[in-house]
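Asks: Please find one structure pasted underneath; my questions will follow.
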Amino acid sequence: METNGTNLTPLNSDFTEKNNSICILGTGDFGRSLGYKLLQCGFHVIFGSRNPAKASLLLRGVEVLGHAEAAQKCPIIIVAVQRDHYDPFLKELEDVLDGKVIVDISNNLKIDQYPESNAEYLAQMLPGAKVVKAFNTVSAWSLQSGTLDASRQVFVCSDDNAAKQKVIDIVRAIGLTPQDKGSLLAAKEIENYPLQLFPMWRLPIYLCAGLTVLVFIYCYSRFPNWLDRWMLCRKQLGLVALSYAFLHAIYTLVIPIRYYVRHRIATNTIAQARGNETSPFQTVMAWRTDLYIALGILGFFFYVLLGITSLPSVSNAVNWREFRFVQSKLGYLTLVLCTGHAFVFGWNKFLNVASFRWSIPPAYTLSLVIPCIVLILKFVLIIPCVDNRITKIRQGWERHSTAQADKKFKNGDIAL
């Protein structure tokens with residue numbers, strides 16, 4: 001046939017004059033748009049309507065018949081109605097649709113609206129028909145206007161490979177790109193696809209929005225009052241932490257003389273002697289215990305050193321660079337050692353969620369959250385580009401003052 005001066009024939013030569021007829025049940029927007037596209041590409045389109053005489057179709061060259069008569073004339077029937085209207089009129093056509101290819105193009109109003117997909121529901125309703133899911137990802141406007149660049153892909157699935165291949169040929173014939181998605185099990189995913197709103201963009205958008213809010217809050221005040229109070233009480237916080245470290249060390253030393261521990265060791269020894277058993281030496285446990293104790297001793301030693309240098313009599317005997325080295329460099333070394341001490345103690349228990357009592361992480365796991373965050377942030381701050389900027393700020397550099405100096409230099413106010 002000829003339309004707008006262009007010869008439009010089906011792209012696939014397998015379509016004969018007999019099977020070139022396609023029935024569309026439904027005269028809504030999408031049914032009319034798809035029929036218009038099929039008609040442009042040389043197919044014989046027959047619409048099925050409840051009231052053929054009153055159907056207001058603005059298409060020339062199509063037949064409008066009743067549902068049963070239209071479906072009887074065509075080997076391929078496109079169901080262009082919503083799922084709510086499948087019953088009863090499709091059930092009444094069960095005998096006519098038996099053995100024919102039924103193309104379901106419906107979508108839902110929300111994701112996972114029904115337990116099964118619309119195509120599976122249609123296949124259950126018409127067990128003798130060959131149901132194919134297709135065309136639900138294409139809009140009526142793009143079909144009618146011809147602007148298919150943004151929605152050229154058509155997902156096709158069916159339990160009948162021959163029926164699926166026929167629909168794929170039709171998709172190619174009207175200039176679209178078919179994607180074989182397999183059996184009808186994929187129909188639910190295909191029906192949910194048009195309802196998704198930028199699924200791959202949600203996490204990046206959330207991250208960017210969160211970072212934007214944090215940067216805005218950070219830049220809103222040059223130096224918040226809460227941060228100033230925290231900076232002024234860091235020495236007191238460090239001394240309180242040192243007292244807790246002393247308590248931890250003392251408790252560790254008295255563990256062997258506790259009655260419960262001595263009783264458990266004695267009971268285990270007696271049980272082994274009576275049973276003539278010997279506990280094998282575990283090399284991994286030996287290395288783990290020695291490493292755990294070594295990291296704890298070193299961390300406690302440097303912690304005490306930090307506490308001693310905080311005393312006024314000691315801090316007055318060292319210069320500023322020495323004091324800063326001890327408090328900053330050795331301070332982070334102490335944090336690394338103590339964090340490693342807790343990590344070795346926990347060993348592989350961090351990953352064994354089943355061993356958590358009442359599904360709550362143990363105390364040594366929770367105690368590592370803040371130290372790990374501090375170490376990660378410190379790693380970011382020692383990156384050369386960040387460290388150089390922080391050093392300049394500490395030396396009194398300000399962005400606006402540099403801009404003013406450059407402006408004065410350009411105006412000749414500063415002599416060389």
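The values are calculated or read from the model by the stated rules, or taken from the named source; none is laboratory data. Predicted, not measured: the structure shown is a model, and the values here were computed from it. Using ideal geometry, Cβ is built from the backbone for each residue, glycine included, and neighbour counts are taken over all protein chains shown.
Asks: Which is modelled with pLDDT of 90 or more, in contact with a Gly (Cβ under 8 Å, 6 or more places away or on another chain) and either among the aliphatic types (A, V, I, L, M) or not assigned by TED's automatic domain parsing to the domain that holds Phe135 (or both), of Val79, Val62?
Replies: Residue meeting the stated conditions: Val79.
Asks: So Ser315 passes all but one of these: (1) out of contact with any helix residue (DSSP H, G or I) (no Cβ under 8 Å at 6 or more places or on another chain); (2) more than 23 Å from His248 (Cβ to Cβ); (3) not aromatic (Phe, Trp, Tyr). Which condition number does it fail?
Replies: Among (1) out of contact with any helix residue (DSSP H, G or I) (no Cβ under 8 Å at 6 or more places or on another chain); (2) more than 23 Å from His248 (Cβ to Cβ); (3) not aromatic (Phe, Trp, Tyr), Ser315 violates only (1).
Asks: Across the range 300-335, which residue is nearest to the chain's Cα centre (by Cα) among those that are buried (at least 16 other Cβ atoms within 10 Å of the Cβ) and β-branched (Val, Ile, Thr)?
Replies: My answer is Thr334.
Asks: Considering (1) under 42 Å from the mean Cα position of the chain (by Cα); (2) modelled with pLDDT under 80; (3) under 26 Å from Pro127 (Cα atoms), say which one Leu11 fails and leave the rest.
Replies: (3)
Asks: Phe135 - would you say it is part of a strand (DSSP E or B), buried (at least 18 other Cβ atoms within 10 Å of the Cβ) and of a type in the set (Phe, Trp, Tyr)?
Replies: For Phe135, the condition - part of a strand (DSSP E or B), buried (at least 18 other Cβ atoms within 10 Å of the Cβ) and of a type in the set (Phe, Trp, Tyr) - is not met.
Asks: Taking Arg288, is it among the basic types (Lys, Arg), modelled with pLDDT of 85 or more and closer than 18 Å to Val344 by Cβ?
Replies: Yes.
Asks: Okay, moving on. Is it fair to say Cys372 is assigned to a helix (DSSP H, G or I), surrounded by fewer than 15 Cβ atoms within 10 Å (Cβ to Cβ) and either at pLDDT 75 or above or not charged (D, E, K, R) (or both)?
Replies: yes
Asks: Another question, if that's okay. Return yes or no: is Ser328 over 19 Å from Pro371 (Cα atoms) and in the same structural domain as Tyr292 (by TED's automatic domain parsing)?
Replies: In short, no.
Asks: Quick one: Pro178 ticks every box in (1) of a type outside the set (Phe, Trp, Tyr); (2) in a helix (DSSP H, G or I); (3) at pLDDT 90 or above bar one, so which box is it?
Replies: It is condition (2) that Pro178 fails.
Asks: Within the range 138-156, identify whether any single residue is assigned to a loop (DSSP other than H, G, I, E, B) and of a type in the set (Asp, Glu), and answer yes or no.
Replies: yes
Asks: Can you tell me which residue in the range 43-56 is modelled with the highest pLDDT, limited to those that are crowded, with 18+ Cβ neighbours inside 10 Å and in a loop (DSSP other than H, G, I, E, B)?
Replies: Phe43
Asks: Still on this structure, I have one more. Taking the condition of a type in the set (Asp, Glu) and more than 31 Å from the chain's Cα centre (by Cα), does Glu92 pass?
Replies: yes
Asks: Within the range 160-179, does at least one residue satisfy the condition of being within 30 Å of the chain's Cα centre (by Cα), basic (Lys, Arg) and in the same structural domain as Val79 (by TED's automatic domain parsing)?
Replies: no
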